[in-house]
Amino acid sequence: MKVGFFVGCNTAFNRPDLEKAFRFVMNALGVEIDDLDGQSCCPSWGTMPSVDEAGWYALGARNFIISEEKNVDMVTVCGSCYGSLSETKYNLDKRAELREKVNEMLKAIGKEYKGSTKIRLATNFFYNEIGIEKIKNALKYTLEGVTIGVQPGCHSLWPSEVYSEGEKDPFHPVMLRELCEALGASAPYYSRILDCCGMGGMRSTNVEASYKLVKTKLDSMKEEIKADLLVTGCSSCLIQFDTAQAPMRKDKKIDYEIPSIHYVQLLALCLGADPQQVVGLSTTDLSGILGKLKKIN
Amino acid sequence: MAEVEVLNISEGEVGFSDEIIKLGAEELLDCIQCAKCAAACPMVLAGFEFFNKRIIQSILIGQKEILLDDNSIWACQACNRCTEVCPRKVEPFAVVMAMRRSAIREFALPTLAIEGLKSLYDVGHAVYFANAGENRKKVGLPEKPPTTANNPQALKELRILMNKSVLSSLGIIPMDAGLSDVTCCEV
């Protein structure tokens, strides 16, 4: 099996350890990666989507066309990329007039959007394509006794209509919990499981307001399930939870730390990856979690 | 008691709703102000003054200036909870995006948004760290990812598309005028 890796800005330039983790995991699970050479920003919400619909979809379409030429679906670890590209595909496939307009723009670079490939979120791909059993069988380490607070991320859930695959009920997500449980950890429900991380436009506009969301979420995770670890399905959520906690502790907004990691990184660790390579750029302290990885004999 | 602000709605901007509808909020007029979107919105939880329901209300009564003076629209997370729960299929997120498009046409956009657009045009990425190569090498990756940032041909394609878009007529970021005349396959 072969997929195109849509890496996205934040993963390539901010958290390349997550990029490394994805490449390691796919290799370990026997999935071949095409790099989709020439891919760009999805484009993210604050750029072309905020200027003009056709411009947004033209840039998104150019990314899809690269995957169409390689005849592979795209997989991403970033919720924002998944959201923006899913909206692009949904609108171009559904609105003929818009597709015509965008294809007219694409003529200038000698290209045409056909709509023959999909964009998939890594966690959905693991759940639906690889499957829980195959993941369990591939593990070299497990995480028994670790309690995980999951953060599926907004863009894996809503608007459910634009996503090619997702939760049965987007207000009661179970996929990331089951994926964590497959590693031997527990991943219970907590009351703020659906809450937004506050990254993205909110953090750029008002960082203190965005920290309010972080605090509400982390407090809920801490008090209700005593989470040892926060696991996200989205690189934007990862960056927010990994970097917000130190300044919040300094300002006495919280008096604890919950180490934070992307599911792909956690899976890489359980498949035997070198921690320096797959979580080496973490700000939160993962040493306690690394110490709990138990080798399967 | 807090001071009550009274708006003279007869002074609202006529035609503002039509502008927003044209910019991508086609179902705007179906809103009944039920506030289901507000109940689901992270911006409400974080304490922003204008969020989906209030943005829609302000548009409907023509209060363009109020929305241009407030930066709340840029704090929208694009999470689409509102789109999911709206009983009238208004797609409140589409309204917020249309409002951003209107604000951009009035040059009312945050510096970070300008920088993001500029970075997108310059290297093909809204988020870009020129010194990322060091961290990439540290984790065992090639210094440069296989993207527009390292593929001049792909970057040229992306710029041609941005030149073909409305952005080129807005004068927000410097763009290469030479790429605007490309008509077909001259890449």
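List every residue pair whose Cβ atoms lie under 9 Å apart, where the two residues are 6 or more positions apart in sequence or sit on different chains, the first residue falls within region A:272-293 and is under 19 Å from residue A:10 (Cα atoms), and the second residue, located anywhere, is hydroxyl-bearing (Ser, Thr, Tyr).
Close Cβ pairs satisfying both conditions: A:282/A:260; A:283/A:243; A:283/A:260; A:284/A:243; A:284/A:260.
Would you pick out the residues in region B:55-71 that are of a type outside the set (A, V, I, L, M) and farther than 16 Å from residue B:15 by Cβ? If you could, list the steps in order and put the result at the bottom.
At the first step, the residues of region B:55-71 found to be of a type outside the set (A, V, I, L, M) are B:57-58, B:62-65, B:69-71.
B:57, B:69, B:70, B:71 - these are the residues of region B:55-71 that are of a type outside the set (A, V, I, L, M) and farther than 16 Å from residue B:15 by Cβ.
Does region B:2-11 include one or more residues that are in contact (Cβ under 8 Å) with a residue 60 or more places away in the chain and surrounded by fewer than 18 Cβ atoms within 10 Å (Cβ to Cβ)? Give the derivation first.
First, pick out the residues of region B:2-11 that are in contact (Cβ under 8 Å) with a residue 60 or more places away in the chain: none.
Looking for residues that are in contact (Cβ under 8 Å) with a residue 60 or more places away in the chain and surrounded by fewer than 18 Cβ atoms within 10 Å (Cβ to Cβ), one finds none in region B:2-11, hence no.
Among the listed residues B:95, B:14, B:85, identify the single one that is over 19 Å from the mean Cα position of the chain (by Cα), aliphatic (A, V, I, L, M) and under 19 Å from residue A:83 (Cβ atoms). Full working, then the answer.
Numbers: B:95 fails: over 19 Å from the mean Cα position of the chain (by Cα); B:14 fails: under 19 Å from residue A:83 (Cβ atoms).
The match here is B:85.
Out of region A:31-52, which residues are touching a residue at least 24 places away in the same chain (Cβ under 8 Å), surrounded by fewer than 24 Cβ atoms within 10 Å (Cβ to Cβ) and more than 29 Å from residue A:279 (Cα to Cα)? Even if it seems obvious, please write down each step before you answer.
Looking only at region A:31-52, we keep the residues that are touching a residue at least 24 places away in the same chain (Cβ under 8 Å), and these are A:31-39, A:41-46, A:49.
Restricting the remaining residues to those that are surrounded by fewer than 24 Cβ atoms within 10 Å (Cβ to Cβ) gives A:31-38.
Selection gives nothing.
Please pick out the residue among A:188, A:159 that is at pLDDT 95 or above, in the same structural domain as residue A:230 (by the TED database) and either under 30 Å from residue B:94 (Cβ atoms) or among the basic types (Lys, Arg) (or both). Before you say what the answer is, go through the steps one by one.
On the way: A:188 fails: either under 30 Å from residue B:94 (Cβ atoms) or among the basic types (Lys, Arg) (or both).
Answer to the selection: A:159.
Inside region A:29-81, can you point out the residues that are in a loop (DSSP other than H, G, I, E, B) and more than 10 Å from chain B (Cβ to nearest Cβ)?
Step one: filter region A:29-81 for residues in a loop (DSSP other than H, G, I, E, B), giving A:29-31, A:35-38, A:40-47, A:51-52, A:71-73, A:77-78.
Once the filter is applied, which keeps residues that are in a loop (DSSP other than H, G, I, E, B) and more than 10 Å from chain B (Cβ to nearest Cβ), region A:29-81 yields A:29, A:30, A:31, A:71, A:72, A:73, A:77, A:78.
Working only within region B:19-73, note down all residues that are of a type in the set (Gly, Ala, Ser), crowded, with 17+ Cβ neighbours inside 10 Å and over 12 Å from residue B:98 (Cα atoms).
First, pick out the residues of region B:19-73 that are of a type in the set (Gly, Ala, Ser): B:24-25, B:35, B:38-40, B:46-47, B:58, B:62, B:72.
Subsequent filtering for residues that are crowded, with 17+ Cβ neighbours inside 10 Å retains B:24-25, B:38, B:40, B:46, B:58, B:62, B:72.
Those that are of a type in the set (Gly, Ala, Ser), crowded, with 17+ Cβ neighbours inside 10 Å and over 12 Å from residue B:98 (Cα atoms): B:38, B:40, B:46, B:58, B:62, B:72.
Take residue A:139 and decide whether it is touching a helix residue (DSSP H, G or I) at 6+ places or on another chain (Cβ under 8 Å), surrounded by 23 or more Cβ atoms within 10 Å (Cβ to Cβ) and modelled with pLDDT of 95 or more. Outline the logic, then answer.
On the way: touching a helix residue (DSSP H, G or I) at 6+ places or on another chain (Cβ under 8 Å): yes; surrounded by 23 or more Cβ atoms within 10 Å (Cβ to Cβ): no; modelled with pLDDT of 95 or more: yes.
No; evaluated as a whole, the condition is false for this residue.
Just to be sure I understand, how many residues within region B:42-82 are farther than 21 Å from residue A:86 by Cα and outside any helix (DSSP H, G or I)?
10
Would you mind listing the helices (runs of 4 or more DSSP H) fully within region A:172-238 where at least 3 residues are out of contact with any Leu (no Cβ under 7 Å at 6 or more places or on another chain), on the phi > 0 side of the Ramachandran plot and hydrophobic (A, V, I, L, M, F, W, C)? Steps first, answer last, please.
On the way: elements: A:175-181, A:201-205, A:207-225.
Correct list: empty, since no element meets the threshold.
Given the options A:28, A:12, A:58, name the one that is small (Gly, Ala, Ser), in contact (Cβ under 8 Å) with a residue 24 or more places away in the chain and crowded, with 24+ Cβ neighbours inside 10 Å. Steps first, answer last, please.
On the way: A:28 fails: crowded, with 24+ Cβ neighbours inside 10 Å; A:12 fails: in contact (Cβ under 8 Å) with a residue 24 or more places away in the chain.
A:58 is the lone residue from the list that is small (Gly, Ala, Ser), in contact (Cβ under 8 Å) with a residue 24 or more places away in the chain and crowded, with 24+ Cβ neighbours inside 10 Å.
Before we move on, is residue B:122 more than 20 Å from residue A:49 (Cα to Cα) and among the acidic types (Asp, Glu)?
Values: more than 20 Å from residue A:49 (Cα to Cα): no; among the acidic types (Asp, Glu): yes.
No; evaluated as a whole, the condition is false for this residue.
Consider residue A:264 carefully, then state whether it is surrounded by 19 or more Cβ atoms within 10 Å (Cβ to Cβ) and out of contact with any strand residue (DSSP E or B) (no Cβ under 9 Å at 6 or more places or on another chain).
yes
In region A:102-158, how many residues are more than 14 Å from chain B (Cβ to nearest Cβ) and part of a helix (DSSP H, G or I)? Let's see the steps before the verdict.
In the first step, residues of region A:102-158 are kept if they are more than 14 Å from chain B (Cβ to nearest Cβ); the result is A:114-150.
Now narrow it down to the ones that are part of a helix (DSSP H, G or I): A:122-130, A:132-138.
Matching residues across region A:102-158 total 16.
So which of A:161, A:165 is more than 14 Å from chain B (Cβ to nearest Cβ) and acidic (Asp, Glu)?
A:165
The values are calculated or read from the model by the stated rules, or taken from the named source; none is laboratory data. Everything numeric here is computed off the predicted structure, so don't read it as measured data. As a convention, Cβ positions derive from the backbone with ideal geometry for all residues, glycine included, and neighbour counts pool all protein chains shown.
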